[in-house]
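Asks: Before we start, here is the structure in question, set down as structure tokens.
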Ligand SMILES: [Zn+2]
Ligand SMILES: [Zn+2]
């Protein structure tokens, strides 16, 4: 986890990645990326639209969604397999998640050992592994805590 990313540095990195992929550098892409780079979290397109609405008043949900998909393809964010709305992790490095079926919370887990086991099990079945993630689901500690 990398809590503080200097925005200018984030801009430079994104510009390089967009140009390398032959994509246009737009003010919207830069602004959304800067918002994402502020902290490690798991965003939905709706959530990012809310965060960005003061800075980008004319922004529409489909644009946010396609920008997040673009960033996921570039490896800037990572799509997280979780029930419900598509989530994007601002930390693209491999790590696993716990999902709460009641409140929808998505919580990071340190499970590199089980990820290696899942990978090995797939390879033992003759499959070629491109990536491995472990998603644990249930009720989160907040939901279980007495009110
Ligand atoms: Zn919960
Ligand atoms: Zn995460």
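The values are calculated or read from the model by the stated rules, or taken from the named source; none is laboratory data. Bear in mind that the values here come from a model prediction, so they are computed numbers and not experimental data. Neighbour counts run over all protein chains shown; Cβ positions are idealised from the backbone, glycine included.
Asks: Mind counting the residues in region 102-118 that are closer than 17 Å to residue 47 by Cβ and in a loop (DSSP other than H, G, I, E, B)?
Replies: 3
Asks: Suppose we filter 79, 50 for residues that are outside the structural domain of residue 136 (by TED's automatic domain parsing), in contact with a strand residue (DSSP E or B) (Cβ under 9 Å, 6 or more places away or on another chain) and either more than 22 Å from residue 141 (Cβ to Cβ) or in a loop (DSSP other than H, G, I, E, B) (or both); which single one remains?
Replies: Checking each option against the conditions leaves just 79.
Asks: What residue, among those in region 88-100 that are surrounded by 15 or more Cβ atoms within 10 Å (Cβ to Cβ) and more than 16 Å from ligand 1 (Cβ to nearest atom), is nearest to residue 138 (Cα to Cα)?
Replies: Restricting attention to region 88-100, the residues satisfying the condition of being surrounded by 15 or more Cβ atoms within 10 Å (Cβ to Cβ) are 88-92, 95-100.
Okay, now just the ones that are also more than 16 Å from ligand 1 (Cβ to nearest atom), so 88-92, 95-96.
Values: 88: 20, 89: 20, 90: 23, 91: 23, 92: 24, 95: 18, 96: 14 Å.
So the residue we want is 96.
Asks: Being within 11 Å of the chain's Cα centre (by Cα) and in the same structural domain as residue 139 (by TED's automatic domain parsing) is the requirement here; does residue 36 meet it?
Replies: Against the criterion (within 11 Å of the chain's Cα centre (by Cα) and in the same structural domain as residue 139 (by TED's automatic domain parsing)), residue 36 does not qualify.
Asks: Criterion first (surrounded by 11 or more Cβ atoms within 10 Å (Cβ to Cβ), farther than 27 Å from residue 12 by Cβ and in contact with a helix residue (DSSP H, G or I) (Cβ under 6 Å, 6 or more places away or on another chain)) does residue 52 satisfy it?
Replies: no
Asks: Among (1) out of contact with any helix residue (DSSP H, G or I) (no Cβ under 7 Å at 6 or more places or on another chain); (2) within 16 Å of ligand 1 (Cβ to nearest atom); (3) not assigned by TED's automatic domain parsing to the domain that holds residue 29, where does residue 103 come up short?
Replies: (1)
Asks: Further question: Filter region 18-43 down to the residues that are more than 18 Å from residue 88 (Cα to Cα) and touching a residue at least 12 places away in the same chain (Cβ under 8 Å), then identify the one that is surrounded by the fewest Cβ atoms within 10 Å (Cβ to Cβ). Reasoning before the result, please.
Replies: We begin by selecting, within region 18-43, every residue more than 18 Å from residue 88 (Cα to Cα); these are 18-27.
Applying the additional criterion that residues be touching a residue at least 12 places away in the same chain (Cβ under 8 Å) yields 18, 21, 23.
Working: 18: 20, 21: 10, 23: 13.
Restricting to residues being more than 18 Å from residue 88 (Cα to Cα) and touching a residue at least 12 places away in the same chain (Cβ under 8 Å), the top hit is 21.
Asks: Can you tell me which of (1) in contact (Cβ under 8 Å) with a residue 24 or more places away in the chain; (2) more than 16 Å from ligand 1 (Cβ to nearest atom); (3) outside the structural domain of residue 45 (by TED's automatic domain parsing) is the one residue 124 doesn't meet?
Replies: (1)
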